[in-house]
Amino acid sequence: MYYPVYRPRRLRRTEALRGMVRETELNARDFIYPLFAVPGSGVRKEVGAMPGVHQLSQDELVREAAAAHAVGVPAVILFGIPEHKDETGSEASRPDGVVQRAIEALKRELPSLVVITDVCLCEYTSHGHCGVIEGGDVANDPTVKLLAAEALSHARAGADMVAPSDMMDGRVGAIRRALDEHGFAQVPVMAYAAKYASAFYGPFREAAESTPQFGDRRTYQMDPANAIEALREVRLDIEEGADIVMVKPALSYLDIISDVKTEFDLPVAAYNVSGEYAMVKAAAANGWVDGERLMLEILTSIKRAGADLILTYHAKEAAALLRARGA
Ligand code: PBG
């Protein structure tokens, strides 16, 4: 099968032919839309480095979720920015917390929307780390207890799925046990399994107001240089009871997504993070790239690498575009 007998261009000649042999199809069904919940009402505050992404009070959050759902996005993932932050992030598991109330409102107004919650303490702690501090570093086991309580409070408020993003050891197992013991055996855990200590989270920390006040997250998030360790992390989370495993960020870690998809048989999610989004929007605003094409190419590449689900700030826009094209 060599040239001139085989001519690859034959099947690229028209859009119809290209469509027939296309291997990867983006679908709005694969998207999970991240939303940032803040207290109050009538609040819709754009995040500086993320054009089109806003901190939303409950009323606005329901409106935004409804708009995304209407164009085919099946799920949202919620982040909460509380009224008050403290050393242990105690607002994270309050029954009347900002995320808990947002869950209730979404389930009431949009019953068919899948509501996932990010389970972490960094938005709730005064120091911005993902757990309680002892001796200048995040203490693992005391943090795991708080995370289990946070996940349980999300389930009690009606969350359809919880997603721990803290990277503490053993937290998936602890959350699974807490859910099971309290009658939430049906609530799945989507584990941020291979989450790297990445500069691509910069804009998110502005959105979530969660920049660490000292040090960085390298004692709990993974070293970007490691790939084999990602398989170890994913295996651990599966053994502890994860239902979906996530790789984060996505774009600089397509090899990891591919490795995880090949090695394991659980659904794989990938998080197309804030910095990846910001780069596209900034370049497009400068007229340096075609933003829409770039967005679809990036999302397609993440799916092609092996992601079954994609968490992306582009969700609403991409879903609307796919719908307009009749995809
Ligand atoms: C919380 C959390 C982070 C993100 C998701 N959950 C920030 C971090 O770990 O610093 C990043 C998401 C993004 O950049 O879009 N731990």
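What the table shows:
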quantity: Selection status of Ala163, out of contact with any Gly (no Cβ under 8 Å at 6 or more places or on another chain), modelled with pLDDT under 95, open to solvent by less than 30 Å² (accessible area, probe 1.4 Å) and not in a loop (DSSP other than H, G, I, E, B); calculated: no
quantity: Enumeration of residues in the stretch 168-186 that are closer than 24 Å to Pro142 by Cβ, open to solvent by 20 Å² or more (accessible area, probe 1.4 Å) and part of a loop (DSSP other than H, G, I, E, B); calculated: Asp169, Gly170, His182, Phe184
quantity: Flag for Arg29 being without any contact (Cβ under 8 Å) to a residue 60 or more places away in the chain and over 25 Å from His127 (Cα atoms); calculated: yes
quantity: Filter result (within 16 Å of the ligand (Cβ to nearest atom) and either among the polar types (S, T, N, Q) or more than 15 Å from Ala157 (Cα to Cα) (or both)) within the stretch 104-124; calculated: Thr117, Cys120, Leu121, Cys122, Glu123, Tyr124
quantity: Condition met for Pro34 (within 14 Å of the ligand (Cβ to nearest atom) and either buried (at least 23 other Cβ atoms within 10 Å of the Cβ) or under 19 Å from Arg323 (Cβ atoms) (or both)); calculated: yes
quantity: Some residue of the stretch 148-168 being of a type outside the set (D, E, K, R), within 20 Å of Val268 (Cα to Cα) and more than 16 Å from the ligand (Cβ to nearest atom); calculated: no
quantity: Residues that are in a helix (DSSP H, G or I) and over 11 Å from Leu121 (Cβ atoms), drawn from the stretch 80-107; calculated: Val98, Val99, Gln100, Arg101, Ala102, Ile103, Glu104, Ala105, Leu106, Lys107
quantity: Gly89 touching a residue at least 40 places away in the same chain (Cβ under 8 Å) and in contact with a Cys (Cβ under 9 Å, 6 or more places away or on another chain); calculated: yes
quantity: Where Leu311 falls short, out of the listed (1) modelled with pLDDT under 95; (2) in a strand (DSSP E or B); calculated: (1)
quantity: Within the stretch 187-298, helices (runs of 4 or more DSSP H) holding 2 or more residues that are open to solvent by less than 30 Å² (accessible area, probe 1.4 Å) and away from the ligand (no atom under 12 Å from the Cβ); calculated: 228-239, 254-263, 274-285
quantity: Candidate set from the stretch 169-186 (those that are more than 16 Å from the ligand (Cβ to nearest atom) and among the hydrophobic types (A, V, I, L, M, F, W, C)); member that is nearest to His129 (Cα to Cα); calculated: Ala174
quantity: Residue within the stretch 273-282 that is in contact (Cβ under 8 Å) with a residue 60 or more places away in the chain, of a type in the set (D, E, K, R), in contact with a strand residue (DSSP E or B) (Cβ under 6 Å, 6 or more places away or on another chain) and within 21 Å of Met161 (Cα to Cα) present; calculated: no
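The values are calculated or read from the model by the stated rules, or taken from the named source; none is laboratory data. As the structure is a prediction and not an experimental result, all values here were calculated from the model. Counting neighbours? That spans all protein chains shown, and the Cβs are built from the backbone with ideal geometry, glycine included. Side chains are part of the model used for accessible areas, which takes the heavy atoms of the whole protein and leaves out ligands, DNA and RNA. Shrake-Rupley method; radii C 1.70, N 1.55, O 1.52, S 1.80 Å.
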